[in-house]
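A.B. asks: The following block contains the structure, expressed as structure tokens.
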Amino acid sequence: MTLLDVKNLSISFGGLRAVDDFNISIEEGQLYGLIGPNGAGKTTAFNLLTGVYKPNEGIIKLGDKDITGLSTIEINKAGIARTFQNIRLFKDLSVIDNVKVGLHNQFSYSTLSSVLHLPSYHKVEKEMDEKAMELLKVFGLEEHRDYLASNLPYGQQRKLEIARALATNPKLLLLDEPAAGMNPNETGELMETIQFVREHFGMTILLIEHDMKLVAGICEELTVLNFGRVLTQGPTKEVLSNPEVIKAYIGDE
Amino acid sequence: MNFLTYLINGISLGSIYAIIALGYTMVYGIAKMLNFAHGDVIMIGGYLIYTASSTYGFNPLVSILISVVGCTILGMLTEKVAYKPLRNAASNLAVLITAIGVSYFLQNIALLIFGANPKSFSSVVTWEGLSLAGGELKIQGVTIVTILTSVVILIALQLFINKTKSGQAMLAVSEDKGAATLMGINVNKTISLTFAIGSGLAAIAGALLCSAYPTLTPYTGAMPGIKAFVAAVLGGIGSIPGAMIGGLLLGVVEILSKRYISTQLADAIVFAILIIILLVKPTGLLGKNIQEKV
Amino acid sequence: MKLTKVSKRNLITYGIVIAFYIIIQILNLTGNLSSHMEGLLVPMTYYSIVAVALNLTVGILGELSLGHAGFMCIGAFSASLFSVATKETMNGGLRFFLALVIGTVMAAIFGFLIGIPVLRLKGDYLAIVTLAFGEIIKNILAAVYLGYDEAGLHISFKSFVLQGEGKMLINGAMGIQGTPSDSSFTIAIVILLISLFIVQNLVNSRDGRAIMSIRDNRIASESVGINVVKYKMLAFVISAAIAGTAGVLFSHNTSTLTATSTYFGYNVSIMILVYVVLGGIGNIRGSVIAASILYILPEMLRGLSNYRMLIYSIVLIVIMLINWAPKAIEVREKYVTLLKRRFAK
């Protein structure tokens with residue numbers, strides 16, 4: 001079944017068509033890669049999918065639901081969660097609290113209970129703690145639960161961001177350059193984590209990445225963006241051996 | 001005719017606000033700080049003129065010159081001692097609170113030296129003014145001088161910023177400190193120069209303010225300082241024409257509301273205008289809208 | 001029950017307040033409390049309460065408000081109006097309780113109404129608009145006349161003469177006369193404790209985390225589905241409400257209530273901001289301690305007359321430079337590690 005179906009998505013910034021006629025279709029459970037040279041419009045595409053920007057044209061469908069033009073908040077509630085290229089953690093909150101903010105809409109008690117710490121507060125907070133710890137364990141962060149997020153080493157901050165996104169219980173996870181700034185060892189570990197997340201949570205994942213080893217290693221299908229337009233898309237092996245793709249990369253980098 | 005008189009008085013008060021706002025907007029544009037002590041520099045400028053002319057008998061022009069030099073030094077000094085060390089502080093509240101400290105300091109130094117009793121300030125403008133339309137429309141000399149001064153200052157500032165190297169450096173620093181450093185601009189010197197100009201302008205504003213409203217107390221500068229900041233925000237902070245327009249608008253609204261609506265409510269109306277304009281245009285009349293990059 | 005680190009920290013805060021209260025009571029009973037000091041206790045406590053309220057906005061929500069004196073003003077006037085109107089007919093305890101509720105609710109309502117436009121703005125723009133609202137509130141309440149007579153209720157910005165039996169409630173710049181002095185140190189301390197309880201609990205809750213996540217990174221916060229507008233508003237309204245409660249304590253501690261700059265001007269908002277920053281941004285306990293000390297200090301230095309505020313301003317600048325200047329922090333950290341190493345040997 002198709003989970004994400006995007007048709008003719010376009011946006012312009014002052015005459016520049018940053019994303020032009022973008023189409024993508026992702027099946028449930030797929031691990032999909034979005035690649036392309038710097039400035040090709042990959043992050044802009046993510047920002048369109050998550051409602052940070054509103055598209056000038058096009059339709060975004062998540063399952064049966066048309067989510068075009070919805071706000072970031074509504075899109076998250078509909079089932080898309082993301083990470084950011086330049087990590088955006090809640091830096092003055094603890095590691096576990098970062099995940100608990102992600103769990104915000106999964107659990108609920110009244111504001112009165114927030115202020116007075118009524119029994120429902122204690123009950124729900126305990127459940128939230130358990131759920132958050134479960135997620136932290138997946139990423140090997142359970143021992144750092146009380147650290148401030150900003151005190152984590154870089155690689156673990158990236159993992160925490162993924163954990164926080166997963167906490168919102170999404171159908172589709174968007175990862176924006178998860179391996180940026182990582183050494184080969186860390187990247188290898190990250191690849192395993194991503195695959196684990198996919199299997200363990202049955203997650204559909206769309207990722208932007210420059211690390212070709214990672215892309216070739218885990219992505220099943222790829223879309224290549226160049227100058228805001230789709231250059232080609234298809235199974236990973238075919239795309240990576242496409243001479244035009246090679247030209248786009250070497251020509252630019 | 002009455003209306004015209006009030007309008008001209010409004011423009012005159014607005015010109016004073018504009019001169020203060022110019023200093024505010026330049027300092028804010030470059031140091032990104034709410035300088036709460038800026039208004040108190042006006043007051044210090046007023047006392048300097050008062051002392052120079054009343055105590056030492058200097059003529060008005062020399063007194064103003066002394067005041068401008070004094071305030072310029074004061075502005076550079078406070079920047080160096082109190083604000084510069086906090087430039088890269090973890091929270092920008094730090095420099096705000098320090099500016100409040102400087103404001104208290106200047107007020108209390110003045111209180112200590114000159115006491116709490118108002119000093120009556122003799123106008124630096126001795127010219128009587130114009131009498132038009134057969135005496136129907138009287139315009140005071142200080143009103144005319146104020147308006148002319150603000151026009152001259154605006155033109156001079158525009159020329160300075162657009163035509164001189166130092167002016168271009170200011171623009172560059174206010175745009176991006178890091179990039180300006182890489183281009184070989186001395187950021188420290190540029191910021192110091194900005195404070196110098198802002199404080200010098202405050203001294204001139206002090207002379208005009210005290211000439212038009214001749215009572216001088218240690219708290220004389222506080223409210224005009226706040227209103228000038230409102231003017232700067234209203235015009236779009238960082239924008240020099242914006243500060244001018246904001247200042248004039250505020251002055252006219254204040255004088256006309258005092259006359260036609262209510263003396264007590266004039267300030268409330270001035271502040272309400274700020275709110276309304278920011279609701280329609282959140283970065284002020286001529287401000288640039290900067291969107292956060294995701 | 002096992003105490004977490006957080007709840008232990010909160011209990012210590014309550015403990016400090018209660019211990020302070022007990023010490024003051026002992027001093028009072030043994031006759032060691034001067035009447036001047038006694039008169040400072042209630043103001044000290046209500047400024048501590050406003051500092052806690054402002055810290056919720058500045059430290060927890062991360063938005064700079066320079067208008068909290070305005071919310072105090074709303075609380076003070078609405079509650080005094082009620083107390084003056086019902087002075088002859090209602091029993092003291094119930095009347096003051098209702099006055100507290102009215103002042104708090106009115107400030108919350110104004111917090112909401114002002115929050116709608118204000119919270120759309122950012123940074124210093126938001127700050128200057130809160131200042132503007134604070135000044136508007138003060139100016140309007142200083143200009144309004146409200147009274148009733150045989151013809152009914154009158155409200156105007158121009159003074160008027162009452163017809164026959166009646167009473168002037170708000171008399172323009174003269175304000176409200178004859179508010180019963182219902183505030184006491186004990187009640188003020190109880191309200192401080194309640195405010196602390198509310199704010200500290202909020203910080204450690206689902207709603208509080210949402211608020212702090214907006215402070216730390218609004219965009220990330222939206223990306224995980226946090227309703228940014230709602231939680232900004234929640235924090236702002238609670239903050240305004242608590243400031244309003246403090247205003248009720250203020251107005252019921254003085255028989256003449258006037259909306260002057262000395263009591264409700266932006267300089268008062270700024271004074272409270274100084275308490276919050278010196279006590280530690282986001283540090284609720286720090287706000288109470290800083291507000292108490294900084295309020296009492298200048299009062300204790302009255303003997304130094306004109307020099308005291310000068311000294312205060314210099315101390316303020318020096319503290320800020322030592323605490324916040326990156327160079328000073330660097331030097332301090334170097335010595336701390338040096339000392340630690342020496343003691344470790």
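A.B. asks: Could you figure out which of (1) part of a helix (DSSP H, G or I); (2) under 30 Å from B:ILE276 (Cβ atoms) isn't true of B:ALA207?
C.D. replies: Of (1) part of a helix (DSSP H, G or I); (2) under 30 Å from B:ILE276 (Cβ atoms), only one is false for B:ALA207: (2).
One line per residue, one yes/no per condition, for (1) of a type in the set (Lys, Arg); (2) modelled with pLDDT of 95 or more; (3) closer than 18 Å to B:GLY221 by Cβ:
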| site | (1), (2), (3) |
| --- | --- |
| B:MET33 | no, no, yes |
| B:ILE44 | no, yes, yes |
| B:LEU61 | no, no, no |
| B:THR78 | no, yes, yes |
| B:LEU86 | no, no, no |
| B:ASN92 | no, no, no |
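A.B. asks: In region A:39-68, which residues are of a type in the set (Val, Ile, Thr) and in contact (Cβ under 8 Å) with a residue 60 or more places away in the chain? Outline the logic, then answer.
C.D. replies: The first filter runs over region A:39-68 and keeps only residues of a type in the set (Val, Ile, Thr), leaving A:43-44, A:50, A:52, A:59-60, A:67-68.
A:THR43, A:THR44, A:THR50, listed by residue number.
A.B. asks: Going through region A:1-12 one residue at a time, which ones are modelled with pLDDT of 90 or more, surrounded by fewer than 21 Cβ atoms within 10 Å (Cβ to Cβ) and not β-branched (Val, Ile, Thr)?
C.D. replies: Within region A:1-12, A:LEU3, A:ASP5, A:LYS7, A:ASN8, A:SER10, A:SER12 qualify.
Quick grid of which residues meet (1) surrounded by fewer than 19 Cβ atoms within 10 Å (Cβ to Cβ); (2) without any contact (Cβ under 8 Å) to a residue 12 or more places away in the chain; (3) of a type in the set (Lys, Arg); (4) not in a helix (DSSP H, G or I):
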| position | (1), (2), (3), (4) |
| --- | --- |
| A:ALA132 | no, no, no, no |
| A:LEU135 | no, no, no, no |
| A:ARG158 | no, no, yes, no |
| A:PRO170 | no, no, no, yes |
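A.B. asks: Taking C:ALA240, is it in a helix (DSSP H, G or I), at pLDDT 95 or above, in contact with a Phe, Trp or Tyr (Cβ under 8 Å, 6 or more places away or on another chain) and surrounded by 19 or more Cβ atoms within 10 Å (Cβ to Cβ)?
C.D. replies: In short, yes.
A.B. asks: I'd like the full set of residues that are among the β-branched types (Val, Ile, Thr) and in contact (Cβ under 8 Å) with a residue 12 or more places away in the chain, limited to region C:1-54. Explain how you work it out, then say what you get.
C.D. replies: Residues of region C:1-54 among the β-branched types (Val, Ile, Thr): C:4, C:6, C:12-13, C:16-18, C:22-24, C:26, C:30, C:42, C:45, C:49-50, C:52.
Within region C:1-54, C:VAL6, C:ILE12, C:THR13, C:ILE16, C:VAL17, C:ILE18, C:ILE24, C:VAL42, C:THR45, C:ILE49, C:VAL50, C:VAL52 meet the criteria.
A.B. asks: Further, regarding this structure: Any chance region B:37-47 includes a residue that's aromatic (Phe, Trp, Tyr), surrounded by 22 or more Cβ atoms within 10 Å (Cβ to Cβ) and either within 30 Å of C:VAL58 (Cα to Cα) or more than 9 Å from chain C (Cβ to nearest Cβ) (or both)?
C.D. replies: Our first condition is that a residue be aromatic (Phe, Trp, Tyr); within region B:37-47, this holds for B:47.
Filter once more, so that each one left must be surrounded by 22 or more Cβ atoms within 10 Å (Cβ to Cβ): B:47.
So of that shortlist, the ones also either within 30 Å of C:VAL58 (Cα to Cα) or more than 9 Å from chain C (Cβ to nearest Cβ) (or both) come out as B:47.
Yes, some residue in region B:37-47 is aromatic (Phe, Trp, Tyr), surrounded by 22 or more Cβ atoms within 10 Å (Cβ to Cβ) and either within 30 Å of C:VAL58 (Cα to Cα) or more than 9 Å from chain C (Cβ to nearest Cβ) (or both).
A.B. asks: Here is a follow-up. Which of (1) at the interface with chain C (Cβ under 9 Å from one of its Cβ atoms); (2) polar (S, T, N, Q); (3) under 30 Å from B:LEU106 (Cβ atoms) does B:THR220 not meet, given it meets every other one?
C.D. replies: Among (1) at the interface with chain C (Cβ under 9 Å from one of its Cβ atoms); (2) polar (S, T, N, Q); (3) under 30 Å from B:LEU106 (Cβ atoms), the lone unmet condition for B:THR220 is (1).
A.B. asks: Could you tell me which residue of region B:252-274 is farthest from the other protein chains (Cβ to nearest Cβ), considering only residues that are in a loop (DSSP other than H, G, I, E, B) and polar (S, T, N, Q)?
C.D. replies: Filtering region B:252-274 down to residues in a loop (DSSP other than H, G, I, E, B) leaves B:261-265.
Next cut, polar (S, T, N, Q) only: B:262-264.
On the way: B:SER262: 6, B:THR263: 9, B:GLN264: 4 Å.
Among residues in region B:252-274 that are in a loop (DSSP other than H, G, I, E, B) and polar (S, T, N, Q), the one farthest from the other protein chains (Cβ to nearest Cβ) is B:THR263.
A.B. asks: So which residues in region C:126-144 are over 15 Å from C:PHE77 (Cβ atoms), buried (at least 24 other Cβ atoms within 10 Å of the Cβ) and more than 8 Å from chain B (Cβ to nearest Cβ), if there are any at all?
C.D. replies: If the condition is that a residue be over 15 Å from C:PHE77 (Cβ atoms), buried (at least 24 other Cβ atoms within 10 Å of the Cβ) and more than 8 Å from chain B (Cβ to nearest Cβ), then C:THR130 is the only one that fits.
A.B. asks: Restricted to region C:254-308, and to residues that are more than 15 Å from the chain's Cα centre (by Cα) and of a type in the set (Lys, Arg), which residue is modelled with the lowest pLDDT?
C.D. replies: It comes out as C:ARG302.
A.B. asks: Which of the numbered conditions does B:ILE277 fail, given that it passes all the others? Conditions: (1) closer than 20 Å to C:ALA127 by Cβ; (2) within 14 Å of chain C (Cβ to nearest Cβ); (3) crowded, with 21+ Cβ neighbours inside 10 Å.
C.D. replies: For B:ILE277, the exception is condition (3).
A.B. asks: From the list A:GLY51, A:GLY58, which one is outside any helix (DSSP H, G or I) and over 19 Å from the mean Cα position of the chain (by Cα)? Steps first, please.
C.D. replies: Values: A:GLY51 fails: over 19 Å from the mean Cα position of the chain (by Cα).
Every option except A:GLY58 fails the conditions.
A.B. asks: Of the conditions (1) within 12 Å of another protein chain (Cβ to nearest Cβ); (2) within 24 Å of B:MET170 (Cα to Cα); (3) crowded, with 24+ Cβ neighbours inside 10 Å, B:LYS227 fails just one. Which one is it?
C.D. replies: (2)
A.B. asks: Out of B:SER192, B:SER262, B:SER239, report the one residue that is small (Gly, Ala, Ser), more than 30 Å from B:ASN117 (Cα to Cα), surrounded by fewer than 22 Cβ atoms within 10 Å (Cβ to Cβ) and more than 16 Å from the chain's Cα centre (by Cα).
C.D. replies: Matching residue, one of B:SER192, B:SER262, B:SER239: B:SER192.
A.B. asks: Just wondering, is there one or more residues in region B:280-293 that are in contact with a Lys or Arg (Cβ under 8 Å, 6 or more places away or on another chain), surrounded by fewer than 22 Cβ atoms within 10 Å (Cβ to Cβ) and farther than 30 Å from B:LEU48 by Cα? Before the answer, list the steps.
C.D. replies: Of the residues in region B:280-293, the ones in contact with a Lys or Arg (Cβ under 8 Å, 6 or more places away or on another chain) are B:282, B:287.
Remaining after also requiring surrounded by fewer than 22 Cβ atoms within 10 Å (Cβ to Cβ): B:282, B:287.
Within this subset, residues satisfying the condition of being farther than 30 Å from B:LEU48 by Cα are B:282, B:287.
Within region B:280-293, one or more residues are in contact with a Lys or Arg (Cβ under 8 Å, 6 or more places away or on another chain), surrounded by fewer than 22 Cβ atoms within 10 Å (Cβ to Cβ) and farther than 30 Å from B:LEU48 by Cα.
A.B. asks: A further question on this structure: Residues that are in contact with a Phe, Trp or Tyr (Cβ under 7 Å, 6 or more places away or on another chain): find the helices (runs of 4 or more DSSP H) completely inside region C:150-228 holding 3 or more of those. I'd like the intermediate steps shown before the answer.
C.D. replies: Values: elements: C:185-203, C:206-216, C:218-223.
It comes to C:185-203, C:206-216.
A.B. asks: Across region A:230-247, what is the number of residues that are without any contact (Cβ under 8 Å) to a residue 60 or more places away in the chain, hydroxyl-bearing (Ser, Thr, Tyr) and within 19 Å of A:ASP211 (Cβ to Cβ)?
C.D. replies: 1
A.B. asks: If you check every pair at least six apart or on different chains, which have Cβ atoms under 6 Å apart with a residue in region C:293-314 that is more than 13 Å from C:LEU40 (Cα to Cα) and among the aliphatic types (A, V, I, L, M) first and a residue that is part of a helix (DSSP H, G or I) and modelled with pLDDT of 90 or more second?
C.D. replies: If the second residue must be part of a helix (DSSP H, G or I) and modelled with pLDDT of 90 or more, the pairs left are C:MET309/B:ASN108; C:LEU310/B:ASN108.
A.B. asks: If the requirement is being closer than 16 Å to C:GLY70 by Cβ and either among the basic types (Lys, Arg) or modelled with pLDDT of 95 or more (or both), which of these qualifies: C:ALA132, C:ALA127, C:ALA99?
C.D. replies: Numbers: C:ALA127 fails: either among the basic types (Lys, Arg) or modelled with pLDDT of 95 or more (or both); C:ALA99 fails: closer than 16 Å to C:GLY70 by Cβ.
On inspection, the qualifying residue turns out to be C:ALA132.
A.B. asks: Could I ask something else about it? Which residue out of A:VAL138, A:VAL99 is at pLDDT 95 or above and among the β-branched types (Val, Ile, Thr)?
C.D. replies: Working: A:VAL138 fails: at pLDDT 95 or above.
Testing whether each residue is at pLDDT 95 or above and among the β-branched types (Val, Ile, Thr) leaves just A:VAL99.
A.B. asks: State the number of residues belonging to region A:73-117 that are over 15 Å from A:ASN169 (Cα atoms), polar (S, T, N, Q), touching a residue at least 12 places away in the same chain (Cβ under 8 Å) and at the interface with chain C (Cβ under 8 Å from one of its Cβ atoms).
C.D. replies: First pass over region A:73-117, keeping only residues over 15 Å from A:ASN169 (Cα atoms): A:84-97, A:109-117.
Applying the additional criterion that residues be polar (S, T, N, Q) yields A:85-86, A:94, A:110-111, A:113-114.
Going one step further and asking which of them are touching a residue at least 12 places away in the same chain (Cβ under 8 Å), we end up with A:85, A:94.
Going one step further and asking which of them are at the interface with chain C (Cβ under 8 Å from one of its Cβ atoms), we end up with none.
So the count comes out to 0.
The values are calculated or read from the model by the stated rules, or taken from the named source; none is laboratory data. Predicted, not measured: the structure shown is a model, and the values here were computed from it. Glycine also receives a Cβ, built like all others from the backbone with ideal geometry; neighbour counts cover every protein chain displayed.
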